[in-house]
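**Student:** Let me give you the structure first, and then I'll get to my questions.
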Amino acid sequence: MSRSAHPAGPRHADVLPEGHYSAPAADLNVLDEKVWSRTVTRDADGALAVGGIAVARLAEEFGTPAYFLDESDFRARCRAWADAFGPDADVFYAGKAFLSRAIVRWLKEEGLNLDVCSGGELTTALDAGMPAERIAFHGNNKTVAEIERAVEAGVGRIVLDSFQEIVRVAHIAQRHGVRQRVQIRVTVGVEAHTHEFIATAHEDQKFGIALADGQAAEAVRRALSLDGLELIGVHSHIGSQIFDMAGFEVSARRVVQLLAEIRDEHGVELPEIDLGGGLGIAYTSDDDPREPHEIAKALSDIVTRECEAAKLRTPRISVEPGRAIVGPTAFTLYEVGTIKPLEGLRTYVSVDGGMSDNIRTALYDAEYSVALVSRTSDAEPMLVRVVGKHCESGDIVVKDAFLPADLAPGDLIAVPATGAYCRSMASNYNHALRPPVVAVRDGEARVIVRRETEEDLLRLDVG
Ligand code: LLP
């Protein structure tokens, strides 16, 4: 196959590179349970149902595009993570993946803690009643106002990300007459993505304080010397969509080494380590994520082993999964608008959303699956690219997938595994109205984040 490059990148090449997409599934009507939320089924008519409600009804009641979130699946995943890690560890859901007040209430009820990384997320968490001591506050450049608010609220921990912040948080805590519990975020020189990781001495990124050149040790020294701070541990987050535990192994080893250095220098054994988030999910049938109990066992084995070797008491472990909890629990429902077949190449299927409700394909070259969900079909598979309605050729939702060749305008199609980083990264590009998030459970559907309206757009535009 010939191919020609395009200045805007490989997604725009005239011809698909060979082997770029997997072969079609044997039966396009089968919904792979790996990528769909747990209560998704096909009903007697062949239409997809979630939480016992058929998509046609959902589309009629809530419109498209819309995100449908399977509440019982979300709650089950929270419980699976909490159970897997047990009472001697803490699970912090990473709110950046998707946060709303309903989510906060479910987390609270299911016994999870919450990681927030902005004043907006903190407000959402507190407003929905998450106890402040169960909140961790992250960010590489928290404003003074945000730190004030977090300290006043009494958040359980602030994760210090820089030398300036050590002093800033200490001063604010002192001014409020409290000792703020903090962790220090260290960068351990591990960059992990999916099945690969790179371990280096230095890390070229904005987050955290490098282990290299004794920087992290110096940060610990300063934090221990300041009255406003109670240093409870060290934090490390190594990347996103990770399947291979080897990156965590290197990270844990380096963090434990730092704990041993701290003990040797200061006679203090820090009681906690946080290994961050980043655990992968299945976006397509090719992905094989690990279950929470396997992850918990692998992490706890690594830390226990490294601590035994360093003769340290094993610290309490915490983790911060975002994607792995919410990602698989939602799908985006679209209506097909136009269909443009390109003979011998592929068929463009345009839907009523696009890069404004899922920027991940354009931004990260992310892979997604798609299925015809308003009916089944026995037609032949056709190679499609699902695109949005935005004025941009990079407006791609699903790069390469197969849909039945009898697909027609008005059909409903759904993209699974859009619970994480889709609504939370949604935009108003082209004055698109951000779609609602509808929670579905046991035959009931309820809006937890409503659809934006044109009035919302005009309200911000003060004229
Ligand atoms: N903890 C920290 C300190 C983080 O920075 C992150 C993600 C997480 C936890 C949660 O990671 P998760 O388990 O959700 O992978 N927008 C990108 C992902 C950015 C993640 C940033 N930090 C995406 O759509 O793939």
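**Student:** Consider only pairs whose beta carbons are under 7 Å apart and that are at least six residues apart or on different chains; among these, list those whose first residue lies in region 106-129 and is in contact (Cβ under 8 Å) with a residue 60 or more places away in the chain and whose second residue is crowded, with 23+ Cβ neighbours inside 10 Å and among the charged types (D, E, K, R).
**Tutor:** Close Cβ pairs (under 7 Å, with a partner that is crowded, with 23+ Cβ neighbours inside 10 Å and among the charged types (D, E, K, R)) amount to ASP115/GLU320.
**Student:** OK, next. Identify the single condition in (1) within 30 Å of ARG222 (Cβ to Cβ); (2) open to solvent by 60 Å² or more (accessible area, probe 1.4 Å); (3) part of a helix (DSSP H, G or I) that ASP301 does not satisfy, given that it satisfies every other one.
**Tutor:** Unmet for ASP301, out of (1) within 30 Å of ARG222 (Cβ to Cβ); (2) open to solvent by 60 Å² or more (accessible area, probe 1.4 Å); (3) part of a helix (DSSP H, G or I): (1).
**Student:** Across region 208-231, which residue is nearest to the chain's Cα centre (by Cα) among those that are open to solvent by 70 Å² or more (accessible area, probe 1.4 Å) and not acidic (Asp, Glu)?
**Tutor:** Taking the candidates together, the pick is GLN215.
**Student:** Also, quick follow-up: Counting just the residues of region 109-137 that are open to solvent by less than 10 Å² (accessible area, probe 1.4 Å) and out of contact with any helix residue (DSSP H, G or I) (no Cβ under 7 Å at 6 or more places or on another chain), which one comes out nearest to the ligand (Cβ to nearest atom)?
**Tutor:** Step by step, filter region 109-137, then rank; the result is ASP115.
**Student:** Moving on. Which of the residues belonging to region 304-329 are away from the ligand (no atom under 15 Å from the Cβ) and either in a loop (DSSP other than H, G, I, E, B) or small (Gly, Ala, Ser) (or both)?
**Tutor:** Answer for region 304-329, where residues must be away from the ligand (no atom under 15 Å from the Cβ) and either in a loop (DSSP other than H, G, I, E, B) or small (Gly, Ala, Ser) (or both): ALA309, ALA310, LYS311, LEU312, ARG313, THR314, PRO315.
**Student:** Are any of the residues in region 358-366 within 15 Å of the ligand (Cβ to nearest atom), within 15 Å of THR284 (Cβ to Cβ) and among the aliphatic types (A, V, I, L, M)?
**Tutor:** yes
**Student:** Output the strands (runs of 3 or more DSSP E) that fall wholly within region 377-463 and possess 2 or more residues being more than 23 Å from THR41 (Cβ to Cβ) and either open to solvent by 20 Å² or more (accessible area, probe 1.4 Å) or in contact with a strand residue (DSSP E or B) (Cβ under 7 Å, 6 or more places away or on another chain) (or both), or say none.
**Tutor:** 381-387, 396-404
**Student:** Continuing with the same structure: Determine whether VAL35 is of a type in the set (A, V, I, L, M), more than 15 Å from the ligand (Cβ to nearest atom), part of a loop (DSSP other than H, G, I, E, B) and surrounded by fewer than 19 Cβ atoms within 10 Å (Cβ to Cβ).
**Tutor:** No, not satisfied.
**Student:** Would you mind stating whether ALA89 is more than 30 Å from GLY443 (Cβ to Cβ) and either surrounded by fewer than 21 Cβ atoms within 10 Å (Cβ to Cβ) or modelled with pLDDT of 95 or more (or both)?
**Tutor:** yes
**Student:** Have a look at LYS340, LYS311 and point out the one that is assigned by TED's automatic domain parsing to the domain that holds VAL50 and charged (D, E, K, R).
**Tutor:** It is LYS340.
The values are calculated or read from the model by the stated rules, or taken from the named source; none is laboratory data. Remember, it's a predicted structure, so these values are computed and weren't measured experimentally. Counting neighbours? That spans all protein chains shown, and the Cβs are built from the backbone with ideal geometry, glycine included. Surface accessibility is based on the protein's heavy atoms, side chains included, excluding ligands, DNA and RNA. Shrake-Rupley method; radii C 1.70, N 1.55, O 1.52, S 1.80 Å.
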